[in-house]
Every structure is written in C-alpha cells, then in structure tokens.
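Visitor: Below are the structure tokens for one structure; questions will follow.
The values are calculated or read from the model by the stated rules, or taken from the named source; none is laboratory data. This is a predicted model, so every value here is computed, not measured. Please note: Cβ atoms are built from the backbone with ideal geometry, for glycine as well, and neighbour counts cover all protein chains shown. Surface accessibility is based on the protein's heavy atoms, side chains included, excluding ligands, DNA and RNA. Shrake-Rupley method; radii C 1.70, N 1.55, O 1.52, S 1.80 Å.
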Protein chains: 2
Amino acid sequence: MEFDGLFNPSGIAIIGASRDPSKVGSAVLKNIRITYKGDIYPINPFVDQIQGIRAFKSISLVKEPIDLAIIAIPAEKVLDELKKCEKKHIKFAIIISAGFKESGHTGAHLEEDIRNFLNKAKIRVIGPNCLGVINVNLPYNSTFMDPNSKPIEGRTAFISQSGALLSAVVDDATMSKIGFSKIISVGNAVDITEADLLRHLATDEMTDAIAMYIEEVNDGKDFLDALTEASKKKPVIILKGGRFSETSSAVSSHTGSIAGSNRAYELAFRRGGAITVYNIDDLYNFIRDAPSLSINGDEVVILTNAGGAGVVATDSLASVGLKLAKLPEKLSSDLRKSFPKGINSNNPVDILGDATPERYREALSMLLRVNKPIIAIFAPQEMAMPIETAKGIIEAHNSHPEIPLLPVFMGGASVEKGEKLLLENKLPCYRYPNEAVDVVKGLVFHKRFIEPKYTQSNRVKIKVSKLKSQENLFGLHAKEIFDKLGIRTVKGVKFKDQKELRAASGVIGFPCVMKIGSDSISHKGEVGGILTGIKDLQQLEREFEDMSKKMRTESIKVPYYELYEDANKYSKDSYEIILGGHRDEKFGPIVGLGIGGEYVKIINEMRFALSPVSDYDIEKIKESKAGKIVKALCKETVLNEIVTYLIKIAKLMDENPWIKDIDINPLLVSENGAIAVDFKIYS
Amino acid sequence: MEFDGLFNPSGIAIIGASRDPSKVGSAVLKNIRITYKGDIYPINPFVDQIQGIRAFKSISLVKEPIDLAIIAIPAEKVLDELKKCEKKHIKFAIIISAGFKESGHTGAHLEEDIRNFLNKAKIRVIGPNCLGVINVNLPYNSTFMDPNSKPIEGRTAFISQSGALLSAVVDDATMSKIGFSKIISVGNAVDITEADLLRHLATDEMTDAIAMYIEEVNDGKDFLDALTEASKKKPVIILKGGRFSETSSAVSSHTGSIAGSNRAYELAFRRGGAITVYNIDDLYNFIRDAPSLSINGDEVVILTNAGGAGVVATDSLASVGLKLAKLPEKLSSDLRKSFPKGINSNNPVDILGDATPERYREALSMLLRVNKPIIAIFAPQEMAMPIETAKGIIEAHNSHPEIPLLPVFMGGASVEKGEKLLLENKLPCYRYPNEAVDVVKGLVFHKRFIEPKYTQSNRVKIKVSKLKSQENLFGLHAKEIFDKLGIRTVKGVKFKDQKELRAASGVIGFPCVMKIGSDSISHKGEVGGILTGIKDLQQLEREFEDMSKKMRTESIKVPYYELYEDANKYSKDSYEIILGGHRDEKFGPIVGLGIGGEYVKIINEMRFALSPVSDYDIEKIKESKAGKIVKALCKETVLNEIVTYLIKIAKLMDENPWIKDIDINPLLVSENGAIAVDFKIYS
C-alpha cells in the first residue's frame, strides 16, 4: 500500500523531541510513547535521553531502518532535516512545525524550497503547519494534542485543514464515545493532499466513512476525481469553512459574478457525491453513524409514543425534502387490530404515551414489513422503561438488520440508559428527531450518487472542436461559434460601407438592428454603437452615415459593422432567459440558467451545474425557477432545447480553456423555441 | 395575583390519587408529596390512606380550604368532580385526565360540557389532557413525570402543548443543569390558554424568559396581544410544531393559497416579537441564556485562538445576517503591540494556538472597549488550560458585566472543566460557534422589537369606512371601493344596451375592453365574457351584439356590461405586480406583494405582512424581490405608492370582516406610477 509507511510505520523518529514540557516536541513524543508499540527514536542534539527513551544527536546516527519521521523544529531548519531523512531512506515525514506559507513572505519561501526538494525526493510529506496524524487502528498518535484526550477506535476517518478544529472535534467525539479509524491534520499540504488521502482511505479496510473539514483545495479537478472515486465506495462528509468569505459583489447579470467560488465548491461537492454539512455539530452523527447505515429511497416510517414528537419529526422530514412512506392499508388495519383504540395507524404511527416495550417491539416487527428506514421515537412518559424499550428495539432490529432503524430517545436522565444500550448494540441513537432526519437525508443523497445520472449526461453527443486561443469574441464572431454548436441565434451579417450595407439589408430584411463590430467594446450601446428598430433602407443608410461619423469623431476604431434582424419580431409572447458559463479557477467550467430581462439583476438567481453536466444537474435545472417558467410558458421541448444549449456551452468551455466566460443574454424563449439575441465570449 | 392559587396554592387535593403505582394518580401524588410543603389531600372513594397520607372519600369531605385540585380520573367523571370543587370554592383545577377532544366525538362532547360549566363557574382550569404544572420556584410538581427527573430552578418558564415533548425537554435540560421557573403543560386548554399564561408570566418576577412549544392557538388575536405584551418585558422563544402540515396546494396566483396558515403563524410570531426556533435542540440555549443576556445591535466581536474556528464562526454570523464589528484602528494597533507577531488584530481577532489564559484576559479587556457582544472561542491546543482560561474570561467579564460575553469552549473532556466554571459563574458557554451566533441573533431580534417600528406604521393616516357586508365584488363593484381608497385603477363604466354603449365609449375612448358585469363569475374570460383591444365604435357595437347574444344563448345572466380603457396603453415599459390580501382565520388580514404576470404562478413568491402593517414590515416588503424590481425599474416613489396600497388594503380588511380575500392582479407599474388592471374582492 502506498501509504503503509505513514499509517503503519516500522520505527518512528521524533526530530525535535524535547525534555521541556512546554515544547511541542515533548507532547508529540509523549503521545507517540503512550500509543506506539514499535521503536521510537527521539532526535535532539543536546541530550541523551528524553522521557526515559534513548535519544540521538541526529537522525543520521540512527542505524535501524525508520519509516516515519515527525518533525517539530523551527521552520528554517526543517529542510536540512528533511534531506537527512531522505538520505536515510525514511519513507514519510510529518512536518508539524509552523512558520511557513501561513506566516508570510519568508515562510512562503521556506515552503517553496521544501516543495522543490520534494519534487525530486522519494520521501513523502504531511504538513507543514499541521497537528499530526493519528492512526487509531494501529495505534499511534503523532500529534501534540492533550495526551489525556485519547481517541477511541471507530470506522470513520477524519481529515481536517484546521488543527484546532480537529482537536476540538476529536476531543468532543471521544467524550461521547464516538470513534475514528484515522485522523489526519493536513496543514499546508505541501506534498500529500486531501485528494491523496481520500484515495487512500477509500480503499482502507478499517475505514467505512470519511469526514472532512476543508477551507480550500489547491487542485480542484484532482480533488473532485478523488472525491468521486471515494464516494462510490463509502460516504464522504464535508464541512466547508469560509462559505461566506467572499464579499458578495454588487448585483450583476454576469454569470461569473453570480456563480462565485463557493458555489463552485458546492457544485463540486455535490458532483463528487459528498454529504455536505454546515455546522460542526452536524458532523458528529455522521462520524458515528455513516459507517453503519445504508439507506435507499426517500421515504421514511416514523414510530412514536408521543403525538407532538411525531409532529416535530414530520416537520423535519418535510423541511429536508424527505417523505412519509404511505403504509399499505393491510398493515394499518393490522396495527389497529393489535393495539388499543386511539393509536394512529398511519404514518407517523403513534402507539400512545403508555406504549410498553412489548408494544414497541411488536409495532416495529410489523413496520419492518414496509422495508423502509424507520425512525423510532421514544419520549419518556409516565412509567418510562427506557432499557426495556431499547431491548425491544434491538430485538426487532436483529430480526431485520438490513433495514435501517434509527431510534430517537428524547430526554435526559430518564432515557440515558436506554440510549447507552442502543449504542452498545451498534444501533444509532439520537436525542431529537431532526438529527435522525439529517442523517437519513445525507445518506439518501450519498446512496443515490452511485446511480449513473449523477456523473455525466449522454443526452447530447456532440463533438466540439478545439478553437485556437483568442481574445474576447463579441457579436458575429461569437455568433459564428454558436452557429457551429447549433445554438440558434438571430440572423446577422457583416458590412463595411454603404455598398455592402445594401446587400446586407437584402439578407436581413426590416426591421433590423445595426451595431458596430468590435471585440473590445463589450457594451456597445454605451458608446452609441447600437441602433434598433430600423424600418427601411433609407433610414438604414442615413443612420449608418451618422453612426460611422460619430465613431470617427470619437476616434472609436470600428473594423466593420454588423446588421441583425430585430429581435422585437420574436419578443411578442416571448420571455427573456439568461444562459451562461463561467470558468471557476479551481473546478473548471460552470454553466447556468436564470430568469433574464430586467429581472436578472434583481432576482440574481441562476441554477448552476459543473461541467460535464450530469442528468441529475439537468433535472435540477429543469426544476429551477427559470426552468419552470420556460416549461410553463413555452413547451417542454423548448426547455430541453435550452438544456442542450447549456451542455454544449459546457463542452465548448471544456475543449477551450482560453474561454473564461460566456453570456447569452437575452435568450428569447417562446412556444416556437429559443433564440439568442445577444452573446459574448470572454477570454 | 390572578394565578396565585394556581402557582402558589394553599392546599392541594389530588382527585384520583391511587395506591396502584401503575396509575397516573399515584405518580402525581408522589411528585406532589416530594415537592410540596403545604397540605395535601388525596381523594379516593375506596381507601383511607395513600403513600402514608390520610385520604378522603370525596373532596366535599375536606374541611380545610384548598386552592388547587389535580384531577386524574376517567374523563366522564371529571365534570362531577369539578362541580364539587367549585362548590368547595377551590380556585384552580388541573385536569390531567385524557379522553376529551383529542379522542374523538364522545370526548369532544365531554369537553364541551366542561366548557359550558366553566363559563358560569369561578373555578379556573388547566387542561384537560395535560401533563400538569410544575412551579419550580415554590416548589410543587403536579405532573406524572418520572419522579427521578427533578427540574432545577432557573429563570425561564416553559409552556408546552405537547406533554411528551415537555417531559423530554425538562428531563434533558435537567441533566444539563438547565433550570426553569414554571413548567406548564396546557393540554386542550379548555379554559386557561397560552395567552393567559403568557400574560401572567410576563409579570412573574421569578421569570425572565418564556419558552413555548405550540402546535395551534385557538384565539389568534388574543395570543398575539399577549405575546406582544410579554415580548416587551422579556424574551419569548417559540418552537412551532406542524409547520409542514399543510399539503402545499398547487401553484396559484391567489394570495390566499400562497399565504397559508403557517405563514400566518410566522408573521404573528414575528409581529409579537417572539424568537422563533425550528428544532428542539435550538430551544435549550435560549432556555439557559435568554434570561441573562441582553444584546443590542447586530455587530459582534469574535476572539479566537484558532483560525479555523474563527472562519466557522464568521460563516455562522454571515449565515444569519449578523456582522463582524469593525475594530477601531487604534485598538487593532494596541492588539498588535500587546501580542506576539502573527496574531490577527482585525475581527475575528486570532490570538493564536499558544494563547495563554493571561492573553485571553488581556485581549478581552481591550475588546470590551468596543462595547459590542463578544464571542470568545477557546479551542484546546497544545497545553490547553481550560480552567485558567475560563478564569481569565470571568475576570474580564466582571470588569464589564453589562457587555454580553459568550464563551465557546470547543471540545470535550479537554475543556469540560472550564465550561463548568463558566456556567457556575453565570456566564453562558457553547460547544460550537454557531450556537452562540444563533442565541445572539434571536436576542438581537427580540431587543429590536421594543422599537416602535415593529408594531404599527403611522405612514398612512386614512379612515376606511365600514361597508355593509356583501357578496363577492368583481369589476366595477370592486373598483368603486378601490376608488374610494385612493387605489388607482383603470377607467371603467357600466352600460346596458347599445344606447348606453355609445355614451360609455365616449368616456373611455379607444382601444377599450368590454366585460360582462357579474359578481358571481370570477373568471369572465373563461365564459367568453371579456374582449380586449377593441379599436373603434363600429367594432365595439358589433362585438357587443355578439357577446350579448352568446350570453343569452348560453343562459348566462348578465345584469350589465362594463367598458374599460385597454391596459395595453400602460403596458409598454411596465411590469406586472400582484397585490393581495387574505384573511387568516386565526390572525386576521395578511397583505402581500409579489412578482406578477405569468411569473407569479411559477415563482409563487410573495412577501407578506400581518395587519396592521408595521414600519418594519414595510422595510421587509421593500426589500423583497417584487419590491426591488419596482424600485429598480420604476422609482422609489412608485414603490412607496404600492406600499401605501397594501396598508390601505389591510385597513379595509380590518374594518370589514366580511372581506375574505382581495386580489389585484395585475397591478401595472412603470415610472409613471401604478395602476390596477384587474381586481376582485371575495367575501
């Protein structure tokens, strides 16, 4: 295995091991010492023994082979030590030392030097500026976390870009008896990235789910590839920090500024099948339960002994888009026969406040027939019997362990022991219904992800050619490209003088629109370079005279003019849509559809998809407001046509990395189809 | 005090006290016995002594005066006992027994009988079908909750419509050492309502905040009055169950169907100054901290020892619309002078992973100069010193106890003791930044509520007359009312025959629109009763001939016809807006503004306000999408005009309870103003 020396090292050296308990090198050694069963080599030029272990003056002096070095020394000394490690054929180093990129100019240089060295070296590195790595399975703990905080073994791996957040989450999880397989603080990721780790953990047999805290990724495409690969094997849960870091730019009809880079992250996480959470708290239940729950479909059965709790649970389901499963009439009637009058035999099934553990067991055994996830709520009432109720639930679960069963034991001391029993028996247990619902929602999304529709659409099979890299293309130059793609645009031709004008007007007809031809002026109207509603040849000739005179007077270089049919002839009973593409610097092309016209600037609402567009994206785009408007006011075939345009734009941008943005605004849609009236390609 | 006998009773009788430990009457007696210091009178016809206390065969046999009776006997026997209580001048009864309205027809009758009796009786009643009341301050506990679950004293009162939810929340809170002043399960609220309790608790000196779980209120206006009154004195936090109970009706341009009854609850809670929460978990921090925190303004200072935690906290702030306070340059420079290189001296202030307790204390004492709420995050790093850090924070707090300080101690075992110390010192403490942020957000909203703009607007001083109750009013009949209100509508006149037609067309001019006059046909177009774009008198006369013939043939009764100016003349450069009113059965008139035209059916998005419209509502409506569109595409004066229309519609509906719905669709808006083209008043 590629990362074997990192996670299962033979021999660990601690470069910077220290006797001073206030030093990081002391805490690291202590953690290694109390967790790691193999040979430990503290490295310190000044002492012979640290914490009762023989120390070496230099890593070069160690004779035995070593797989892993932990480096905790001042930043400027790290590279030298790394070189010594390389020489000694050490396979991995974890650089805990801070003082690199994160601390400014000098540090960035030091980091760059390390990167250059690593490009040619064999040694692989985690960090710098990280908390370290814990392999709970082995175990070893190379961090400088409080040694009293001892992570317990579980089946979720945790990767974090924030050391402090990592230690807080691990500390808290440990107190709640939530365990981990591997815990990795990636720091500045000068060498081994989140993507590398995702790939490794995807195949790690001790890991059934992966939780991540991410603020930024360096190579978006590589991350997305690794995420997609990992998500196909196990759930990946991501908390993204810095979601609101962008100052939201002023209103704009420009696709790029509506999209924003956080949108790209969101799209990428969805595309890669990640379960996105928004708070640290939300991570917990997934860390605990994602490895053991496998959920299909979006319908849920709720069992409760309290009406109010059923109400709250139903609210939660609806708020995340899940559904109450409809129970078969036979089942409802069986429930009514088996239980006292007053129960609710429909979903949510209410077996009343005096429900005995036996009633829970029996109701569950009947509801398991539905073969859908069951949220079983127990609220302490009257003579609450939490332990016996938990036993009844465990028994029912054991009869059908393949059906997800999510107990919710509401309350504190009255239910605590039942909760404990459930957890001991590898069942989840939630305090409140919404927690169970959030877990179901995330896992439903993940499960669906293996369906092919989440990856790519085969709907449009077109070959888009690679164009030579060029400057902005406006007007007819852009039209040429859209014509080739099969995106319908208004008729238009070039002309240069009065003579050509006459021929051009013969092609276009009246009314028509005259524009200056220019790939450098994006808003031609602002310089007086657009005239609409020209009625006849006489007017056209006169206006051309005026416009070309104005351009000359104002020294605006106009290599040619353009004549278009007037879109007004399409505008009756038609609606304005905006269609666009934007190249995110991390994740590549994003295409979007929005409500156009004057509204776009105000509503500022587009639905986006990452390229290549998937069938799932198409579904979502069709369900967007703009999609619904097109479907309702035109025809579904028109909507399909527009979606095809989006896919084509995505492919065009994929093939041509020089294209940074594409705006079609407006695209006029009516019953008769869609036609692009104004279009720009930005390089 | 009105409810003195309920909360501080002299003598409590338990009617239905039982020796059988499986009976509710046994648990209630037990809870009373272990909590209440006054005289206890178990009532049971068959025994002389229960749980070591002398029992009476009947309440009538007790000589001593009694303030409160707890009734836990079968539903059908309750009324008789209630009558005996009344006769004995018992002031209050808590009917725990179930089997009333909630259990079907027979129960509803029993409840009705009790209601009728109470109308004339002096005794006041909590319940039936409730868990009971706990006055933690006195104390007494009249519930049948597990006697081991002993609520501790705090300064928040809790009112719940679900007994199970109440017991779960109290149980859980108790385990987390979160206390209560009063705990009340209201059940079916046959007599004493949530509103009555709100009014009482608003003046209760032992209560500084009120938390509620509500599924439905019977008298919306009374509830809103009580809520408003209470919110002016202390924070009221509401969790509403059944938010998603309505099957969302099909798309519609009808205000009423867009509004929905849950929207009315939301509007009412906001109007009443309540802090709305959406999950049970969210209730906790408010129950604990709402009594002690008083927060002004929407700017927050964040102090952290971990960059990642600062990032996450900033995300949370932004996600709820709060802001990072900008620190004065002098303060930032002082921070840089006082602390090591590498700190972030802007908000969020990062004092680095090695921050000592002393550094926390010092940084806080400097940040307190900003006089804004401070969220102080401590993440366990290296040599975490949670207790000392907590002490530093407490010290800083004590120097300025008036400035809200919200510590967040991230992690588990490593920070637990610090957390405990903070809580003991009456400071809050949160596990993660988002929890602190949610509390700040809620309290900011509550604090603002005392500003007059939250209650009513004095912007429009109009007198709206009370019209006589009538049927639907469409067309000119509705126009008449809007004309009186000063809502501009298209010109229109009545006519009956060819002779009157000629005069009418002289008033209206061409092009014009002809409609059948009818208050029973709401969609006149569907029966061929509308014709637009009539160009001249000749065409008009011909079309009238045709239309009246068609109506006669199809036996559609048309008492008169209507002639309007054709709105097309306004429609160039104008936009369609929808304006409407809907009478919610609980909370009265709701008015709303939305994007009109074909879009309304799809976007289905209106911004609503409860009548009477407040200045705060006006702000919100102006910031809605429709508001922004009007402001951007027309002028702000036009938007103000429209808002005035909304206020007028609200007043009209206030004065005229027979009006159920008002739809103005479309209202054409342009730079020149707004004009209503189609308008309907439904009774």
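Visitor: Considering only DSSP states other than H, G, I, E and B, which GluC sites (Glu not before Pro) in the stretch A:148-231 qualify as loop sites with at most 16 other Cβ atoms within 10 Å?
Guide: Numbers: sites: A:Glu153, A:Glu194, A:Glu205, A:Glu215, A:Glu216, A:Glu229; in loops: A:Glu205, A:Glu215, A:Glu216.
Within the stretch A:148-231, the qualifying GluC sites (Glu not before Pro) (loop, at most 16 other Cβ atoms within 10 Å) are A:Glu205, A:Glu216.
Visitor: May I ask you to list the GluC sites (Glu not before Pro) in the stretch B:343-424 that are in a DSSP loop and have at most 13 other Cβ atoms within 10 Å of their Cβ? Please list the in-between numbers first.
Guide: Working: sites: B:Glu358, B:Glu362, B:Glu382, B:Glu388, B:Glu395, B:Glu402, B:Glu416, B:Glu419, B:Glu424; in loops: B:Glu382, B:Glu402.
Those that pass, being in a loop and sparsely packed, are B:Glu402.
Visitor: For chain A, what are Rg and Dmax over the alpha carbons, in angstrom?
Guide: Spelled out, the Cα radius of gyration and Dmax of chain A are 31.8, 101 Å.
Visitor: Could I ask something else about it? Assume the label is 7 Å from Cα along Cα to beta carbon: what separations in nm does B:Lys426 have to the matching positions in the other copies?
Guide: Distances to the matching label points in the other copies: 5.1 nm.
Visitor: If one computes the Cα centroid of the stretch A:32-57 and of the stretch B:617-683, what distance in Å separates the two points?
Guide: Going from one Cα centre to the other spans 78 Å.
Visitor: Hey, with R₀ at 45 Å, roughly what FRET efficiency would A:Lys232 and B:Lys37 work out to, going by the Cβ-Cβ distance, to 0.05?
Guide: Working: r = 66 Å, r/R0 = 1.47.
Here the calculated transfer efficiency is 0.10.
Visitor: Relative contact order for chain A using alpha-carbon pairs under 8 Å, separation at least 6, rounded to a whole percent?
Guide: Details: 1390 pairs, mean separation 62.2, N = 683.
Once normalised by length, the contact order is 9 percent.
Visitor: Over the stretch A:71-192, what is the relative contact order in whole percent, taking alpha-carbon pairs under 8 Å and six or more residues apart?
Guide: About 27 percent, as a whole number.
Visitor: Using a basic spin-label model with each label point 7 Å from the Cα along Cα→Cβ, how many nm lie between A:Arg54 and B:Thr532?
Guide: 9.6 nm
Visitor: Report for chain A the percent antiparallel among DSSP-assigned beta bridges with both residues inside it, nearest 5. Walk me through the numbers before you get to the answer.
Guide: Details: 51 of 99 bridges.
That works out to approximately 50 percent antiparallel.
Visitor: Let me ask you something else. What does the buried accessible surface come to for A and B, summed over both chains, with the probe at 1.4 Å? Round to 100 Å².
Guide: Details: alone 30200 and 30190 Å², together 54980 Å².
Protein heavy atoms only, the A-B interface buries about 5400 Å².
Visitor: Something else: Applying the Karplus parametrisation 6.51 cos²θ - 1.76 cosθ + 1.60 with θ = phi - 60° to the phi angles of the stretch A:574-588, what ³J(HN,Hα) value in whole Hz is obtained for each residue in order, glycine and proline being reported as x?
Guide: Once rounded to whole Hz, the list reads 10, 10, 8, 10, 10, 10, x, x, 9, 8, 6, 5, 8, 10, x.
Visitor: Amide H neighbours of B:Ile14 under 5 Å, counting only residues 5+ apart in sequence or on other chains, H built in-plane at 1.01 Å?
Guide: Placed amide hydrogens put B:Tyr41, B:Ile43, B:Ile70 under 5 Å from B:Ile14.
Visitor: Would you please classify the overall shape of the protein assembly as shown from the alpha carbon gyration tensor, given that a ≥ b ≥ c denote the square roots of the eigenvalues, rounded means a/c under 1.5, and beyond that prolate means a/b larger than b/c while oblate covers the rest?
Guide: Details: a/c = 1.98, a/b = 1.07, b/c = 1.85.
Here the protein assembly as shown falls in the oblate category.
Visitor: Something else about it: Give the long-range amide H neighbours of A:Leu427: residues separated by 5 or more places, or on another chain, with amide H under 5 Å away, using H modelled in the peptide plane at 1.01 Å from N.
Guide: Under 5 Å from the amide H of A:Leu427 lies no amide H from a residue far enough along the sequence or on another chain.
Visitor: Go through the stretch A:524-539 residue by residue and turn each phi into a ³J(HN,Hα) via Karplus (6.51, -1.76, 1.60, θ = phi - 60°); whole Hz please, and just put x for glycine and proline.
Guide: These are the phi-based 3J(HN,Hα) values: 5, x, 5, 9, x, x, 10, 9, 10, x, 6, 8, 8, 4, 4, 4 Hz.
Visitor: Report, to the nearest 10°, how far helix A:261-271 tilts away from the longest principal axis of the Cα atoms in chain A, using its own Cα long axis and a range of 0 to 90°.
Guide: Helix A:261-271 sits at roughly 70 degrees to that axis.
Visitor: Shifting gears a bit: Take the alpha carbon atoms of the stretch B:299-376, find their center, do the same for the stretch A:492-529, and report the distance between the two centers in whole angstrom.
Guide: Using only Cα atoms to place each centre, the spacing works out to 58 Å.
Visitor: Exposed loop chymotrypsin sites (Phe, Trp or Tyr not before Pro) only (DSSP loop, at most 16 other Cβ atoms within 10 Å): please give the longest stretch of chain B free of them, not including the sites. Kindly include the intermediate steps, with their values, before the conclusion.
Guide: Working: sites that count: B:Phe46, B:Phe244, B:Tyr278, B:Trp658.
Excluding the exposed sites themselves, the longest stretch runs over B:279-657.
Visitor: In nm, to one decimal, how far is the B:Asp80 label point from the B:Ser399 one, both placed 7 Å along Cα→Cβ?
Guide: Simple spin-label model gives 7.2 nm for this pair.
Visitor: I need the inter-copy label distances for B:Asp546: point set 7 Å along Cα to C-beta, values in nm with one decimal, smallest first.
Guide: For B:Asp546, the inter-copy label distances come out at 4.1 nm.
Visitor: Are there trypsin sites (Lys or Arg not before Pro) in the stretch B:1-48 that DSSP puts in a loop and that have at most 14 other Cβ atoms within 10 Å, and which ones? Please report the intermediate quantities before stating the final value.
Guide: Details: sites: B:Arg19, B:Lys23, B:Lys30, B:Arg33, B:Lys37; in loops: B:Arg19, B:Lys23, B:Lys37.
Those satisfying the criteria are B:Lys37.
Visitor: Using the 7 Å Cα-to-Cβ label point, sort the distances from B:Lys120 to its equivalents in the other copies shortest first and give them in nm to one decimal.
Guide: Taking the point 7 Å beyond Cα along Cα→Cβ, the inter-copy spacings are 10.6 nm.
Visitor: In whole Hz, with x marking every Gly and Pro, tabulate ³J(HN,Hα) for the stretch A:361-370 from phi via Karplus 6.51 cos²θ - 1.76 cosθ + 1.60, θ = phi - 60°.
Guide: Karplus values, whole Hz, x for Gly and Pro: 4, 5, 4, 5, 5, 6, 5, 4, 4, 6.
Visitor: Pull up all non-local amide H partners of B:Met212: gap of 5 or more, or a different chain, and H-to-H distance under 5 Å with H placed in the peptide plane.
Guide: Excluding prolines and chain starts, which carry no amide H, the hits are B:Ile159, B:Ile237, B:Ile238, B:Leu239.
Visitor: Moving on to the next point. What is the spin-label model distance, in nm, from A:Ser10 to A:Lys417 if the labels are put 7 Å beyond Cα along the C-beta direction?
Guide: For A:Ser10 paired with A:Lys417, the spin-label model returns 5.2 nm.
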